[in-house]
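Peer 1: Submitted below is the structure of interest, expressed as structure tokens.
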Amino acid sequence: MSNNIRLKKGLDIPVAGKAALQCERTVIGDLVAVSGCEFRALVPRLLVKEGDSVLCGTPVLADKKRPEILFTSPVSGTVKAVVRGEKRKLIEVQIQTDGRQAAIDFGKKDVNALSAEEVKDALLKSGLWPSFVQRPYGIIAHPDDTPDAIFVSAFSTAPLAADIDFCCKDEVKFIQAGVDAVRKLSAKGVVVSYRKDGKSPLEKLENVQKFYFEGKHPAGNVGVQIHHLRPIRKGDVVWTITPMMLAAIGKLFLTGKVDLMRKVAVSGPAALYPAYINTVPGVKMSQLQDFFGTQTQSVRIISGDLLSGKTVGFEGSLGFKDNQVSLILEGNDYEMFGWAKPIRMSQFSTSKTYFSWLTPWKKYEMDTNLHGGERAFVVSDVYGKVLPMNLFPVYLAKACLAGDIEKMEKYGILEVLEEDLALCEFVCPSKIDIQAIISDGIDLMLKEMA
Amino acid sequence: MNPLRKLVDQIKPTFEKGGKLGFLHSTFDAFETFMFVPNTVTRKGSHIRDCVDIKRVMIIMVLALVPAFFFSIWNIGYQHTLAFGLKDWGFWNIVGYGLMKIIPLYLVTYIVGLAIEFASAQIKGHEVNEGYLVTGFILPLIVPVDVPLWMLAVATAFAVIIGKEVFGGTGMNIWNPALLARAFLFFSYPSSMSGDYAWIGGLQKASEGGIPWASGSGVIVDGFSGATPLANASMQGLADHGYNFWNLFVGNIPGAVGETSAIAILLGAILIVWTGVASWKIMVSGIAGGLLVGWVGFIGGATDIPCWYQLVMGGFLFGIVFMATDPVTSAQTECGKWVYGFLVGAICVLVRLFNPGYAEGMMLAILLMNTFAPLIDHYVIEASIKRQARKKVKIA
């Protein structure tokens, strides 16, 4: 069977602001946050109190329902504040850094000699377990499950995404150790998908099944890859993990320390000098002021990519698994006769009702304007052109809106996360929030399963 | 800042909730968003969006209808000169007559239709949908030129209320609203919608002994019948009336206002296929369906007209290009579109061949397939899901 898969559908959005492949600075700042908010369906329990001193790897939060799943500090310092929101919901724990990055010693281990139970135990205790995302539903993997396989995408196609080749070129040794450790947790080991004809440093990895994908975004989405390699049906469980988190796992076993330091792309049309920085998850966006200068009010700060990232704002922080910060101007101004102009060169559209197709080389300074009002589903074949999955996204969305569990399963809710359908939302002329609809659908599934 | 924007911002609070004219919010919003792309920013999901919106899609559709619209202005006048022997009429007389005939049709459909659209948006507190811009543009093009305006008004109201708003507005309707209006006219007022006198301006009135406006002596030319090609669907019949493939293709023949000219319709088709606003699959398979049934009928002796004549007679091309492809009421799946289009074309010609009493099959073919489109999609999706379930796992 061929290991090459060619995806014809998709779209690489030509947005300006790609990060230059240089990484000269390390940014941590004096305040770093540990938060459970970014994990779906997680209710966190607090394990520290203000004034406690913590090291890299000290447990800060735990999952209330599965208390063995811990979230640990990425820095050393003291707990400065516990921030709560409405109904005392735990928003984040702020840690005052001491700049030493002192870490708890979990002990160096020979990964090949470890049993699955020992690997699991080490990952849970060190707080690296939340790196595993379970499919279906995109929740933190359950430690008692044995997934059929663990999927890794070795390239990213999202707009302005961090270049995984660049980020991982010095980490191959650790990623190999990570692979050797986690493959014991699954039935069929680790499956890595590469860009066809790419020169990924990760192609050196051993003990993995390799597949090669060709195509535009979302070919790099692990969900799309799973759809083509091992379609998820009812009752199936697979896990996914990013190369960067594999590197962290490798470091845990090879050095005995929790080291979440990673290269992060600061990109986007509003970034003054798009480039990479070294940092840890939880770093405050206010530390990145250099990148957006004085435009604090008018710029939207996103942890993640422009399609599926989370708006975190000036006071927000980098997500646990994210390796990209996107900066984009808020498009809250009016455009006179925008839709009626025959030519609208400054705006990008995949639709041939505009003329972007004449200038395929052009990169656009996009903003967050919705470019229209929300309408019912009218045009029928726009989603299919950007979704390289054998699904019917409109039917899936309608099933989610109707809350019809049976139909949601039938139309593929088990196979998708929001990010996989993000392009459908981008191109939608009716401006329908597909990702939010899918997200609500998944929440409903989880509620019904519970 | 733009002075117009300033003015809009000044009067905006009056129309907002709690303002003096708050009840006109949807109306104000419709005009505001018509002039300015709103300043709404993305809140959930994707932070960036494609700049295409439904307004753009709809305006392209309207543009595609413009060639047929222009041609119809000329053809209305031209047919009138033929009927009344007005040989001294020049181009501008002809166009002037056409305009005087067509403008009232447009005024009626847009005033009645948009009034209902605005009122229902107002009642529901929604934004006004753009869908009616297209429906209102198509409707006058598919009726006989002398249709009484009050009938057109009633039919428009029926189509917008029963055909669309009761289902929830644009995007939710089951049948193409413009065709529904035509079907309403056809079944409610058949005498004004068929026969030899309905298709040429002034002919009906003259035949009843009156003198129509701008018709010279008001006397119909000796031997002029006004019958459409469809009413004489045999080679002999066509030849008797001086119709050949070429004038059927150009469209200088009697028929519903905008449906006669294949050239004008094809110009529009190129635009909507290129921009992706309408499905080329439906058009191609529809034409294939029409040709196939026309050919089988020709071979089998049901008609002596070669199958390609079927494409240029009556409303076949107009229907398959502009109405069968309505994205809301046609099949939604790509595979379903092939089936749907094919059946529209096939049923249309089937009706023509075997129901001489009702020669124009396009309207009912499309309405029928609108009804069955969800069923076609259902089977396409079921089959696809079954195929997907059989797909092999690639990992070892």
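The values are calculated or read from the model by the stated rules, or taken from the named source; none is laboratory data. This one's a predicted model, so the numbers in the text were calculated from it and none came from an experiment. Every residue, glycine among them, receives a Cβ derived from its backbone with ideal geometry; neighbour counts consider all protein chains shown. When the accessible area is computed, the model is the full protein with side chains, heavy atoms only, and any ligands, DNA or RNA have been set aside. Shrake-Rupley method; radii C 1.70, N 1.55, O 1.52, S 1.80 Å.
Peer 1: Could you give the distance between the Cα centres of the stretch B:322-394 and the stretch A:133-175, to the whole Å?
Peer 2: Using only Cα atoms to place each centre, the spacing works out to 43 Å.
Peer 1: Then there is this: What net charge do the residues around A:ASP259 carry, taking every other residue with its C-beta under 14 Å from that of A:ASP259, with Lys and Arg at +1 and Asp and Glu at -1? Spell out each step's value before the answer.
Peer 2: On the way: positive: A:ARG100, A:LYS108, A:LYS173, A:LYS251, A:LYS257, A:ARG262, A:LYS263; negative: A:ASP105, A:ASP170, A:GLU171.
For residues surrounding A:ASP259, the net value is +4.
Peer 1: Further, regarding this structure: If you find the alpha carbon centre of the stretch B:194-231 and of the stretch A:39-64, how far apart are they in angstrom?
Peer 2: 88
Peer 1: Please calculate the 1.4 Å probe accessible area of B:TYR197, with all protein chains present, and give it to the nearest 10 Å².
Peer 2: Taking all protein chains as shown, B:TYR197 has close to 100 Å².
Peer 1: Considering the dipole of chain A built from charges on the beta carbon (Lys and Arg +1, Asp and Glu -1) around the Cα centre, which of A:ASN390, A:PRO59, A:ILE442 is farthest to its positive end?
Peer 2: The listed residue farthest towards the positive side: A:ASN390.
Peer 1: Among A:SER193, A:SER346, A:SER35, whose mean-square fluctuation peaks in a Gaussian network model of chain A (Cα, cutoff 10 Å)?
Peer 2: Most flexible of the set in this elastic network: A:SER346.
Peer 1: Right, something else. Per DSSP H run of at least 4 residues, take -39500 (n - 2.57); add these up for chain B, divide by its residues and hand me the 222 nm value, nearest 500 deg cm²/dmol.
Peer 2: Numbers: 16 runs with 235 residues, N = 396.
Result for chain B, helices only: -19500 deg cm²/dmol.
Peer 1: Using a 1.4 Å probe, how large is the accessible area of B:ILE270, given in Å² and rounded to the nearest 10?
Peer 2: 110
Peer 1: Using bins 5 angstrom wide from zero, how does P(r) for the stretch B:1-78 break down, in % of all Cα pairs?
Peer 2: Calculated over all Cα pairs of the stretch B:1-78, the distribution is 3, 11, 14, 14, 14, 15, 11, 8, 6, 3, 1, 0 percent.
Peer 1: Using the Kyte-Doolittle scale, which helices in chain A average at least 0.0 and also have C-alpha atoms spread 20 Å or more along the helix axis, with helices defined as whole DSSP H runs?
Peer 2: Details: long enough: A:434-449 (22 Å, 0.76).
Span-like helices in chain A: A:434-449.
Peer 1: Report the extension gain between A:LYS49 and A:GLU24 in nm, rounded to one decimal, defined as 0.36 nm multiplied by the number of residues separating them, less their alpha carbon distance.
Peer 2: Numbers: separation 25, 0.36 × 25 = 9.00 nm, distance 3.51 nm.
Contour length minus Cα-Cα distance gives 5.5 nm.
Peer 1: As a test question: what accessible area, to the nearest 10 Å², does B:MET35 have when a 1.4 Å probe is rolled over all protein chains in place?
Peer 2: Its heavy atoms expose roughly 50 Å² to the probe.
Peer 1: Can you give the FRET efficiency to the nearest 0.05 for B:ILE123 and A:ALA16, using r as the Cβ-Cβ distance and R₀ = 60 Å?
Peer 2: 0.85
Peer 1: Quick one: with all protein chains in place, what share of the accessible area of the stretch A:28-97 is carbon or sulfur, to the nearest percent (1.4 Å probe)? Walk me through the intermediate numbers first.
Peer 2: Working: 1640 of 3210 Å².
Here it works out to 51 percent.
Peer 1: Find the all-direction average of the projected area of the Cα convex hull for the stretch A:370-449, expressing the result in square nanometres with one decimal place.
Peer 2: Values: hull surface 19.7 nm².
It is 4.9 nm².
Peer 1: Once Lys and Arg get +1 and Asp and Glu get -1 on their Cβ, which of B:SER279, A:ALA33, B:ILE76 lies farthest toward the positive end of the dipole of the protein assembly as shown?
Peer 2: A:ALA33
Peer 1: Is there a quick way to get the dipole size of chain A? I mean about its Cα centre, with the Cβ of Lys and Arg at +1 and of Asp and Glu at -1; what is the value in debye to the nearest 20? If you can, show how the numbers build up before the last one.
Peer 2: Working: 56 positive and 53 negative charges, 112 e Å.
Taking the Cα centre of chain A as origin, the dipole is about 540 debye.
Peer 1: Excluding residues fewer than 8 places away in the same chain, name every one of the lysines whose C-alpha is closer than 28 Å to that of B:LYS124.
Peer 2: A:LYS398, A:LYS431, B:LYS12, B:LYS17, B:LYS20, B:LYS44, B:LYS55, B:LYS164
Peer 1: Out of residues 5 or more away from A:LEU307 or on other chains, whose amide H comes under 5 Å of its own, with H placed 1.01 Å from N in the peptide plane?
Peer 2: Counting only residues 5 or more places away or on other chains, the set is B:HIS47.
Peer 1: Work out the charge dipole of the protein assembly as shown with +1 on the Cβ of Lys and Arg and -1 on the Cβ of Asp and Glu about the Cα centre, then indicate which of B:TYR340, B:ILE381, B:MET172 is farthest towards its positive end.
Peer 2: Value computed over the given set: B:ILE381.
Peer 1: For the interface of B with A, what's the total buried accessible surface in square angstrom, probe 1.4 angstrom, rounded to the nearest hundred? Numbers along the way, then the final one.
Peer 2: Details: alone 19880 and 20700 Å², together 34060 Å².
So the buried area, both faces added, is about 6500 Å².
Peer 1: May I ask for log10 I(q)/I(0) of the stretch A:263-329 at q = 0.19, 0.24, 0.27 Å⁻¹, from a Debye sum over the Cα atoms as equal point scatterers with solvent left out?
Peer 2: Treating every Cα as an identical point scatterer, log10 I(q)/I(0) equals -0.58, -0.99, -1.31.
Peer 1: On a C-alpha basis, how far is the centre of the stretch A:178-240 from the centre of the stretch B:1-29 in Å? Whole number, if you could?
Peer 2: Distance between centres, Cα-based: 54 Å.
Peer 1: Turning to a different aspect of this structure: Over 10 Å intervals from 0, what percent of Cα-Cα pairs in chain A sits in each interval?
Peer 2: Bins of 10 Å from zero give 4, 20, 31, 29, 13, 3, 0 percent of pairs.
Peer 1: Sticking with this one: Calculate the spin-label point distance for A:ALA116 paired with B:PHE167, positioning each point 7 Å from the Cα along the beta-carbon direction, and give it in nanometres.
Peer 2: Here the modelled spin labels are 5.3 nm apart.
Peer 1: Hey, another quick one. Probe of 1.4 angstrom, ligands and nucleic acids ignored: what's the accessible area per residue over chain B, in square angstrom? Could you put the intermediate results ahead of the total?
Peer 2: Values: 16500 Å² over 396 residues.
Accessible area per residue, chain B: 42 Å².
Peer 1: Based on alpha-carbon positions alone, could you give the equivalent ellipsoid semi-axes of the stretch B:346-390 from the gyration tensor, as √(5λ), descending, whole Å? Intermediate results must be reported in sequence, preceding the final value.
Peer 2: Numbers: eigenvalues 218, 18, 5 Å².
Calculated on Cα positions only, the semi-axes equal 33, 10, 5 Å.
Peer 1: I need the calculated FRET efficiency for the pair B:ILE263 and B:GLU16, taking r as the beta carbon distance and R₀ as 60 Å, to the nearest 0.05. The partial results should precede the final answer.
Peer 2: On the way: r = 49 Å, r/R0 = 0.82.
For R0 = 60 Å, the calculated efficiency reads 0.75.
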